[in-house]
Every structure is written in structure tokens, then in C-alpha cells.
Amino acid sequence: MTSIRLLIVDNHTLFRQGLVSLLQSEPGYEVIGEASSGEEALHMVPELDPDVVLMDVKMPGIGGVEATRRLTEANPQARVLMLTVSEEEENLFAAIQAGARGYLLKNADAGELLDAIQRVHAGEAMLSPIMTLRLLQVLQSGGIPAPLSELPLTSREQDVFQLLAQGASNRQIAETLTITENTVKTHVRNILEKLELHSRSEVAAYARRLSPTPWSP
């Protein structure tokens, strides 16, 4: 039987070594490389051509999501299984949009991991049960919001949007952006209309699902 050739990408050495030990002890799996960052993975994948890449989400430098996006842009057939501690919906959505075939939490047992690798290798999609539930809940509540940069907002409206998400009052927004309160009110009204929202609290809820990059003056 031909082994599934794996590249493990994780910046935590002990976890990575433990994963290597586990997989090498199982018949049908071969770890052909290890990387501690997204940058290393991007250099190693073209050379090693792994069947499946096990990719952590949060790493210094180029993170797992960005590395996955670049890998799948270069090779749409690349099979990436995110293996992470992150249960944040935003990371799940970002990973899927980047081209990941699966999303598994690190607290999964060995059997779940091996099954996930096999399914991703076979071209199937695979999500941890808890992340599948959260995805369904978000879709049932109105779907996945577009990234902030893709919203139909002007640059200034995006600034106001993010401050609204932080709970800032009109006066605080005006002072932070050095504009008048009347101008803030106009921006808020435009934001609500463009996003088809009805209140500031809905803006905050929408922003939490977006998890935009924190605004800094």
C-alpha cells in the first residue's frame, strides 16, 4: 500500500515532534518534511510535493491561512488540512476561503486525525464536529459576512464602522477621526443602509463575526 506523504507545518516543536512520532508509527503514513513557519512551508511544498499538508493556523510571520492561500493559488489541487487549537469562526471561514480542505482541532484523538488525513487525501472535505455546528449556526443566522475590505463602504466609513464595533459614541468617533458629530451621524446612517442593518448593536454583532483588524489612529 502506498503511504500518504505528509508535510507538518507547526511552530511548536514539541507538538510537531509528537505528531511526527504518532504518524510514523502508523502504517500508511509517511512524514516527508517538517516546517516551523508558513515561509518554510512555501519553500518546501514545491520540492517535496506532499500528498497532504498539516497546517497550523497561528504562526509568526506568514500564518497558516496566508500560506494555504498561496499554496492553493499556485496549485489548486493542493490538499491542506488545518490542525489548530483555534475554535474561532473567523479562522475557520478564512481557512476555507483560502482553500483548505479540512479543519481539525488539536484536541482530536489519533483516530480522528488519521481519518481526517485519509478523507482530505481522498479529495473530501473534513471539519471538526464542533466547527461544523458553528458553521451551520452562522449560515442559519444570515451567512458569512464579506471581509471588511470587500464591504461597500468608503475608507472613512470603514474607520467609523470599526469604532462603532468597539462601542464608541458619536462624540468619541468624532474626536478620534477629527470630524464633526453631524458627519459621524451621516456616516453611521450610510453604514446602516449599505449593510442593511438597523442599529448600532447590529453593527457590533456584524463586526464580531467579521473580526476585522483592530483600527489604530
| query | Going by the structure shown, is Val120 touching a Gly at 6+ places or on another chain (Cβ under 6 Å) and either outside any helix (DSSP H, G or I) or among the small types (Gly, Ala, Ser) (or both)? | reply | no
| query | Pairs, please: C-beta under 9 Å, at least 6 apart or cross-chain, first residue in contact (Cβ under 8 Å) with a residue 24 or more places away in the chain and within 17 Å of Val203 (Cα to Cα) and in segment 162-188, second of a type in the set (Phe, Trp, Tyr) and part of a loop (DSSP other than H, G, I, E, B)? | reply | Gln162/Trp215; Leu163/Trp215; Ala165/Trp215; Gln166/Trp215
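Okay, residues lined up against (1) of a type in the set (Phe, Trp, Tyr); (2) over 16 Å from Leu113 (Cβ atoms); (3) in contact with a helix residue (DSSP H, G or I) (Cβ under 7 Å, 6 or more places away or on another chain):
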residue: Asp10; (1), (2), (3): no, no, yes
residue: Ser25; (1), (2), (3): no, no, no
residue: Glu47; (1), (2), (3): no, yes, no
residue: Met55; (1), (2), (3): no, no, yes
residue: Pro60; (1), (2), (3): no, yes, no
residue: Gly64; (1), (2), (3): no, yes, yes
residue: Ala67; (1), (2), (3): no, yes, yes
residue: Ala78; (1), (2), (3): no, yes, yes
residue: Glu88; (1), (2), (3): no, yes, no
| farther than 17 Å from Val53 by Cα, of a type in the set (Val, Ile, Thr) and surrounded by fewer than 21 Cβ atoms within 10 Å (Cβ to Cβ), is that true of Ile96? | no
| Does at least one position in segment 77-87 carry a residue that is in the same structural domain as Val31 (by TED's automatic domain parsing), at pLDDT below 90 and over 29 Å from Ser25 (Cβ atoms)? | no
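Per-residue answers, yes or no, for (1) modelled with pLDDT of 70 or more; (2) assigned by TED's automatic domain parsing to the domain that holds Asp51; (3) in contact with a Ser or Thr (Cβ under 6 Å, 6 or more places away or on another chain):
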{"position": "Leu105", "(1), (2), (3)": "yes, yes, yes"}
{"position": "Ile130", "(1), (2), (3)": "yes, yes, no"}
{"position": "Leu136", "(1), (2), (3)": "no, yes, no"}
{"position": "Leu153", "(1), (2), (3)": "yes, no, no"}
{"position": "Gln172", "(1), (2), (3)": "yes, no, no"}
{"position": "Glu175", "(1), (2), (3)": "yes, no, no"}
{"position": "Lys194", "(1), (2), (3)": "yes, no, no"}
| said: Take residues that are out of contact with any Asp or Glu (no Cβ under 7 Å at 6 or more places or on another chain) and of a type in the set (Asp, Glu) and tell me which of the strands (runs of 3 or more DSSP E) falling wholly in segment 1-55 contain 2 or more. | reply: 29-35
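The values are calculated or read from the model by the stated rules, or taken from the named source; none is laboratory data. Since we're looking at a predicted model, the values are computed, not measured. Every residue, glycine among them, receives a Cβ derived from its backbone with ideal geometry; neighbour counts consider all protein chains shown.
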